[in-house]
1. Report relative contact order for the chain in percent, whole number only (criteria: Cα-Cα under 8 Å, sequence separation at least 6).
2. Any idea what angle helix 295-306 forms with the longest principal axis of the chain, computed on alpha-carbon atoms, 0 to 90 degrees, nearest 10?
3. Rg and Dmax of the range 1-151, using alpha carbons, in Å: what are they?
4. For n ≥ 4 DSSP H runs only, could you compute -39500 (n - 2.57) per run for the chain, divide by its residues and tell me the 222 nm figure to the nearest 500?
5. Quick one: check the C-alpha center-to-center distance for the range 160-217 versus the range 4-60, whole angstrom.
6. At a 10 Å Cβ-Cβ cut-off, how would you order 320, 149, 341, fewest neighbours first?
7. Counting DSSP beta bridges in the range 1-145, what percent are antiparallel, to the nearest 5?
8. Which log10 I(q)/I(0) values, to two decimals, does the chain give at q = 0.13 Å⁻¹ under the Debye formula with one point per Cα?
Ligand code: V47
C-alpha cells in the first residue's frame, strides 16, 4: 500500500498503524495537513475494515427534543431560546407520549432525547419523561441527556452524580448521547460556550456515566473557531478517558452549521474537511469501536462516501431532526430504511440494522414498540 500514498509524510503513519502503534499529536496534525485526501482515507479504511469488514450500521430511531429553553445560550446554537422568547417550547410528558404514539406503527429501536438546560423543570420532570417513553416504547433503548444535562440534573436532584445516574437508570435511561463536549479546550469554551460546563467537568461527568455502567457516545463540533491542533488534542483527551473506562461506543464528528447563530458569517465546512475529520477520528481514536458519519450534518451523499474514509455507521432514520435544521442544514429531516440501505449497498458495504449497542437486529420487524 505504501506505493499508493502520494504524500511521503503518510508512510511513517502507515508503518505505525500496521505495527499497532498509537498515533500522537504530530501524526494527527500530519494527517490533517496532508494534501493526499485519498491516502488519508485509505489509511482510515484499512483500520475500519480490520474492525468491521464490509459491514455498515444504522439504527431505526426517533428524536425527541423535549425543550429548547436553555440557560447556556452557546454562541454556535440556533436551537436554544429564552423562556419568554418567541418559539420557546417545552413538551410535557403527555406531549412526548403523543409524539411517540404518532409513530407507534414504526419499528423504532432507539429514542434519542435531548434538550436545553431549562431551569424551570424539576428533577421529577425528567423521571416522568423517561417513564413515559418506557411505557410507550418498552422495546426501545432510551438514549437521553448529554453530559451537560446530567451535570445539571445532579445539581437539581441534590443527589450527586452517582445517585442521580442510578435514579435515571431505574426510570429507564439506557444510554448517553455524545453532545455537549463541543471542543474539549478552554480557549474555545471561553469564546463560545462559557456558561456551559468546561472540558474538565465534561470528562468528569463522562467518567461518572461510565462508572454507572452506561455506554456513551462522544462528539466534536468542528468548523468554527477551533484550530487543527485543538481538534487533535480533543481526540487525545477522549482516547485517554476511553483507556481508563472503556465506556464510549461511537464517536460522531459534528460539522458546524452557522445559519441563525451568532457565528453566521462563518463559511460551511468543506467536503474535504468533513472526510478528513472522519478519517483522522478513525485513526486517532484507536480504542473507539465506531465512527459515525452523521448524514444530517454532512448530507446523505457525503456520508455515503465517508463509509470509505473510516466511518462504519450512518446513525439513524430519525424523521424529525431539529438542532441542525434550525442552523440551516439542507439534508432531509429523516431517511427511510430503504434509502439508508440503498446508500450503504451502493457504496459497496453490507447494511446492518443495529440496536443502540450495535447488536444486529432483524430488518423490518413488526411494529408496536417491542424489541
Ligand atoms: O451538542 C449544536 C451540536 C449537538 C449546532 O450520540 C450543532 O448518537 C452543528 O450530539 N451546527 C447535538 N452542530 C447532536 C448530538 C448527536 C447527534 C447525533 C447522534 C448523537 C449520538 C449525538 O449538536 C450539540 C452540539 O455539539 N450543535 N448547534 C450547529 N449550529
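Just so you know, all these numbers are worked out from the coordinates, no wet-lab data involved. All values reported here derive from a predicted model rather than from experimental measurement. Every residue, glycine among them, receives a Cβ derived from its backbone with ideal geometry; neighbour counts consider all protein chains shown.
1. Averaging sequence separation for qualifying contacts and normalising by length gives 24 percent for the chain.
2. So the inclination is approximately 30 degrees.
3. Rg, Dmax (Cα atoms, Å): 22.5, 62.
4. Calculated at 222 nm, the ellipticity per residue is -12500 deg cm²/dmol.
5. For the range 160-217 versus the range 4-60, the Cα centre distance is 29 Å.
6. 320, 341, 149
7. Working: 1 of 11 bridges.
That works out to approximately 10 percent antiparallel.
8. Debye curve over Cα of the chain, log10 I(q)/I(0) at q = 0.13 Å⁻¹: -1.05.
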